[in-house]
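Enquirer: This is the structure I want to talk about, given as structure tokens.
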Amino acid sequence: MKNFTMIRTFALAITIFFVSNLAIAQKAPIKYGKVSMDELLMKTYEKDTSAVAVYLCDYGVSEIPFMTTTFSFDYKHTRIMRIKILKDEGLDYGDLEFSFYKGSSNVGSVKACTYNLENGKIVKTKISAKDRILEKSSDDVYTYKLACPNVKPGSVVEFMYSISSDIPPYKMGPWYFQKSIPIVWSEFRVNVPEYFHYKKNGKGYLTFDVNEHTYGNGSIAPQEQFSIDRYRFVVKDAPAFKKEPYTTSSKNYMSAVEFELAGVQEIRGPYHDRIGSWEQINKDLMENQYFGVQLKSGGFLKDVVAEISAKAETDEEKILAAFNYIKANMKWNDYYGKYVTTSLRAAFKEKKGNVADINLMLVVLLNKLGLKADPVILSTRSNGLLSLFSPSERKFNYVIASCKLGENRIYLDATDANCPCNLLPERCINDKGRVISSAGSFFVDIESKSVSKSATIAKLNLSEDGMVSGNVDLSLNGFTALQFRDAIQNKSEDELLETMDEAYELIDVESVELENLKNVEKNVVSKMEVELSEEVESVNDLIYFNPFVINKIDENPFTLEERKYPVDFTYPMDRTFMLELTVPEGYTLESKPAPARINLPEKSGQFMYSVNQTGNKIMVVSRFKINKRTFFFDEYANLKEFYNLVVAKHAEMLVLKKI
């Protein structure tokens with residue numbers, strides 16, 4: 001196996017340096033349990049003194065050994081990690097978790113230990129049974145969680161685990177050479193017998209310090225040998241991946257490499273292509289008893305179909321009624337997945353299920369109502385971006401419903417009770433999804449075209465003794481309304497006031513009245529009676545007042561000198577703030593913020609600000625808009641400066657003087 005298909009994602013090109021045949025294996029960079037005195041005496045990481053912890057070494061080996069007992073190939077992955085804890089903020093790096101497919105994988109040796117220096121001696125504290133937890137993450141994925149004991153600044157923690165399977169994997173990796181803290185040495189080795197053809201996929205911006213491809217031998221029988229491709233990748237002194245706000249999954253941009261199965265050559269047999277095609281994936285899913293077969297069911301929805309058909313006249317009314325019925329009668333169990341748990345009939349009877357139980361049921365109901373609906377499989381934001389040119393159904397971990405409405409296709413997810421019909425939960429908005437249907441399969445854009453709007457209207461009175469009180473009304477829609485509803489649902493009146501006080505630090509909320517809280521298809525409206533938490537600042541005859549009692553943009557979320565990955569706002573946004581401030585008779589504006597109108601190129605971002613006085617009333621108007629979802633790295637500097645200017649304007653004071 002000498003030639004592989006090469007895929008380059010972002011800036012990383014995987015170029016293998018071929019080394020002479022039968023090269024001597026390199027010594028492992030780390031041995032579990034051999035922590036040095038220098039590592040324990042280490043106080044800071046010189047290349048990044050702000051680091052709260054640092055990986056001294058992260059070393060992994062994935063291999064496919066031949067088992068003479070079964071005359072077949074197995075799979076084994078072993079990993080050793082050694083981490084130095086430098087500050088209190090780094091104590092969480094004394095915990096580790098890893099996931100595996102329980103049905104096809106076995107967890108072998110699992111070790112963890114904490115090393116501390118006490119009275120000049122190295123003291124080891126091994127992990128105990130109570131510090132190990134096995135949790136079910138989804139229908140077929142389990143997560144092993146380890147918590148090292150006695151971890152403190154100065155400690156070195158070490159983990160080692162192995163996972164094996166009697167079936168060579170579809171993927172090896174991804175192996176990430178970057179994490180949220182620096183890594184002194186990251187090394188990944190892969191040993192592949194000639195019978196298995198893997199293509200290598202890479203992404204990220206770091207270059208390899210070692211990038212080798214050597215060869216070795218294995219044997220099936222004394223007189224029958226096969227070649228082994230040995231790959232070794234090393235990155236030294238990898239900087240921490242600094243994640244800023246408005247980022248999808250970090251794993252989309254951290255430097256990594258993975259091996260994806262392309263084909264298998266049987267021993268003394270034919271070759272089997274495993275790359276597949278989107279057409280084959282569509283066919284397999286439509287024939288799967290936990291996916292496509294379920295779409296042919298629906299007799300259990302007979303009464304629901306009759307009820308909706310009797311009341312709904314238009315297609316829009318049918319879609320909304322079906323969506324609301326599933327939301328109201330099916331409870332999501334928080335599990336993702338594209339396959340139903342057992343069957344849609346069983347889920348309907350239990351009134352609960354995973355994502356597929358709920359959204360495939362919605363597809364069936366829409367079709368029963370005479371509409372054209374199909375499932376759309378996708379990868380959630382936390383799961384990473386899809387590869388459009390490498391057909392694989394394994395990357396898809398979620399399914400939503402889609403429905404044709406005229407010439408358009410709308411997308412629906414009935415798992416979130418607070419989500420309106422025209423909005424997908426943020427977890428779903430991750431560039432692309434793929435329609436699966438008996439008529440064929442194709443990619444579609446999964447994005448939010450709905451602008452998330454918030455309008456704040458404040459009418460406040462400033463008394464001569466410096467107290468401010470009055471009314472603040474909010475009107476929210478889209479994601480802003482969804483976030484608001486999620487934050488306050490099922491709260492008592494006292495809990496609601498407490499939540500409001502915590503959210504709006506500058507004001508005390510005396511009372512609040514909510515409209516459309518349960519009617520998610522309408523804007524949620526909040527009407528508050530408020531008082532300013534503190535008196536306004538007064539110096540001599542001057543009063544200083546910042547008008548943004550709520551929704552002030554007081555911090556720039558973008559702080560990096562250079563950002564090499566896109567800014568993803570998820571959705572366009574439009575924030576309007578209007579204040580009518582009534583001041584005591586005899587007061588006038590001594591100085592006020594200058595009017596401002598700031599536009600990003602192509603009006604991708606807009607800001608407008610004005611202050612005016614008429615009699616004893618001062619009017620303040622601010623409007624902040626982000627008009628597109630994604631800004632690329634070459635737009636980052638302009639976006640950062642845009643926020644700097646907005647933060648500066650929102651910080652400016654009204655200065656009042658008594659005449």
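Enquirer: Return the only residue of Arg232, Arg268 being outside any loop (DSSP other than H, G, I, E, B) and of a type outside the set (A, V, I, L, M, F, W, C).
Expert: Result of the check over Arg232, Arg268: Arg232.
Enquirer: Which residues, taken from segment 593-622, are under 20 Å from Leu462 (Cα atoms) and either in contact with a Leu (Cβ under 6 Å, 6 or more places away or on another chain) or outside the structural domain of Ser469 (by TED's automatic domain parsing) (or both)?
Expert: Gln613, Ile618, Val620, listed by residue number.
Enquirer: Collect the residues in segment 201-255 that are acidic (Asp, Glu) and either touching a Cys at 6+ places or on another chain (Cβ under 8 Å) or crowded, with 19+ Cβ neighbours inside 10 Å (or both), keeping them in residue-number order.
Expert: Of everything in segment 201-255, just one residue is acidic (Asp, Glu) and either touching a Cys at 6+ places or on another chain (Cβ under 8 Å) or crowded, with 19+ Cβ neighbours inside 10 Å (or both), namely Asp229.
Enquirer: In addition: Please go through segment 171-186 and give me each residue that is more than 15 Å from Val54 (Cα to Cα) and surrounded by 24 or more Cβ atoms within 10 Å (Cβ to Cβ), ordered by number.
Expert: Of everything in segment 171-186, just one residue is more than 15 Å from Val54 (Cα to Cα) and surrounded by 24 or more Cβ atoms within 10 Å (Cβ to Cβ), namely Met172.
Enquirer: May I pose another question? Among the residues of segment 283-296, is there at least one that is surrounded by 10 or more Cβ atoms within 10 Å (Cβ to Cβ), modelled with pLDDT of 90 or more, under 30 Å from Phe66 (Cβ atoms) and under 29 Å from the mean Cα position of the chain (by Cα)?
Expert: yes
Enquirer: Please go through segment 407-421 and give me each residue that is out of contact with any strand residue (DSSP E or B) (no Cβ under 7 Å at 6 or more places or on another chain) and touching a residue at least 40 places away in the same chain (Cβ under 8 Å), ordered by number.
Expert: Correct list: Ala414, Asp416, Ala417, Asn418, Cys419, Pro420.
Enquirer: Restricting to segment 380-411, what's the tally of residues that are among the hydroxyl-bearing types (Ser, Thr, Tyr), surrounded by fewer than 20 Cβ atoms within 10 Å (Cβ to Cβ) and under 22 Å from Thr570 (Cβ atoms)?
Expert: 3
Enquirer: If the requirement is being of a type in the set (D, E, K, R), more than 26 Å from the chain's Cα centre (by Cα) and either assigned by TED's automatic domain parsing to the domain that holds Ser249 or on the phi > 0 side of the Ramachandran plot (or both), which of these qualifies: Asp166, Asp92?
Expert: Asp166
Enquirer: Working only within segment 526-536, note down all residues that are over 24 Å from Phe479 (Cα atoms) and either outside the structural domain of Gly478 (by TED's automatic domain parsing) or surrounded by 13 or more Cβ atoms within 10 Å (Cβ to Cβ) (or both).
Expert: Those that are over 24 Å from Phe479 (Cα atoms) and either outside the structural domain of Gly478 (by TED's automatic domain parsing) or surrounded by 13 or more Cβ atoms within 10 Å (Cβ to Cβ) (or both): Glu529, Val530, Glu531, Leu532, Ser533, Val536.
Enquirer: A further question follows. Spot the failing condition for Val110; the list is (1) surrounded by 15 or more Cβ atoms within 10 Å (Cβ to Cβ); (2) of a type in the set (A, V, I, L, M); (3) modelled with pLDDT under 95; (4) in a loop (DSSP other than H, G, I, E, B), and only one is missed.
Expert: Just one mismatch for Val110, condition (4).
Enquirer: Consider Val184 carefully, then state whether it is in the same structural domain as Lys27 (by TED's automatic domain parsing), within 26 Å of Tyr271 (Cα to Cα) and modelled with pLDDT of 95 or more.
Expert: No: the conditions fail for Val184.
Enquirer: Answer with yes or no whether Leu589 is at pLDDT 95 or above and either over 28 Å from Phe484 (Cβ atoms) or in the same structural domain as Ile507 (by TED's automatic domain parsing) (or both).
Expert: Spelling it out, it is not the case that Leu589 is at pLDDT 95 or above and either over 28 Å from Phe484 (Cβ atoms) or in the same structural domain as Ile507 (by TED's automatic domain parsing) (or both).
Enquirer: Then there is this: Go through segment 429-456 and count every residue that is in a loop (DSSP other than H, G, I, E, B), crowded, with 20+ Cβ neighbours inside 10 Å and of a type in the set (Lys, Arg).
Expert: Qualifying residue count, segment 429-456: 0.
Enquirer: Looking at the structure I just gave you, is Lys459 over 30 Å from Lys171 (Cβ atoms) and not in a helix (DSSP H, G or I)?
Expert: Here the answer is yes, as Lys459 does meet what is asked.
Enquirer: Still on this structure: Among the numbered conditions (1) modelled with pLDDT under 95; (2) farther than 22 Å from Met37 by Cα, tell me where Lys126 comes up short.
Expert: (2)
Enquirer: Within segment 539-579, restricting attention to residues that are in contact with a strand residue (DSSP E or B) (Cβ under 9 Å, 6 or more places away or on another chain) and among the hydroxyl-bearing types (Ser, Thr, Tyr), which residue is farthest from Glu464 (Cα to Cα)?
Expert: Thr570
Enquirer: To continue, here is another question. May I ask you to say which residue of Tyr144, Tyr198, Tyr161 is surrounded by 22 or more Cβ atoms within 10 Å (Cβ to Cβ), out of contact with any Cys (no Cβ under 7 Å at 6 or more places or on another chain), of a type in the set (Ser, Thr, Tyr) and outside any loop (DSSP other than H, G, I, E, B)?
Expert: Every option except Tyr198 fails the conditions.
Enquirer: Please find, within segment 201-213, the residue that is nearest to Arg274 (Cα to Cα) out of those that are in a loop (DSSP other than H, G, I, E, B) and touching a Lys or Arg at 6+ places or on another chain (Cβ under 6 Å).
Expert: Looking at residues that are in a loop (DSSP other than H, G, I, E, B) and touching a Lys or Arg at 6+ places or on another chain (Cβ under 6 Å), I get Tyr205.
Enquirer: Just need a number here: residues in segment 581-603 that are in contact (Cβ under 8 Å) with a residue 60 or more places away in the chain and either of a type in the set (D, E, K, R) or over 23 Å from Glu641 (Cα atoms) (or both).
Expert: The number of residues fulfilling the criteria is 11.
Enquirer: Anything in segment 538-579 that is at positive phi and within 31 Å of the chain's Cα centre (by Cα)? List them, or say none.
Expert: Asn551, Thr570
Enquirer: Pick out the one residue from Phe624, Phe558, Phe642 that is buried (at least 16 other Cβ atoms within 10 Å of the Cβ) and in a strand (DSSP E or B).
Expert: The unique qualifying residue is Phe624.
Enquirer: Additional query: Scan segment 1-53 residue by residue and report those that are modelled with pLDDT of 50 or more, over 30 Å from Asp88 (Cα atoms) and surrounded by 13 or more Cβ atoms within 10 Å (Cβ to Cβ).
Expert: Gln26, Ala28, listed by residue number.
Enquirer: Can you run down the residue pairs with Cβ atoms below 6 Å, 6 or more apart or on separate chains, where the first is in segment 57-69 and over 18 Å from Phe196 (Cα atoms) and the partner is not in a strand (DSSP E or B) and not small (Gly, Ala, Ser)?
Expert: Cys57/Pro29; Cys57/Ile30; Tyr59/Pro29; Tyr59/Ile30
Enquirer: Would you point out the residue of segment 501-525, among those that are under 27 Å from the mean Cα position of the chain (by Cα) and not in a loop (DSSP other than H, G, I, E, B), that is surrounded by the most Cβ atoms within 10 Å (Cβ to Cβ)?
Expert: The selected residue is Val524.
The values are calculated or read from the model by the stated rules, or taken from the named source; none is laboratory data. Please read all numbers here as calculations on a predicted model, not as lab measurements. With ideal geometry, Cβ positions are generated from the backbone for all residues, glycine too; neighbour counts draw on all protein chains shown.
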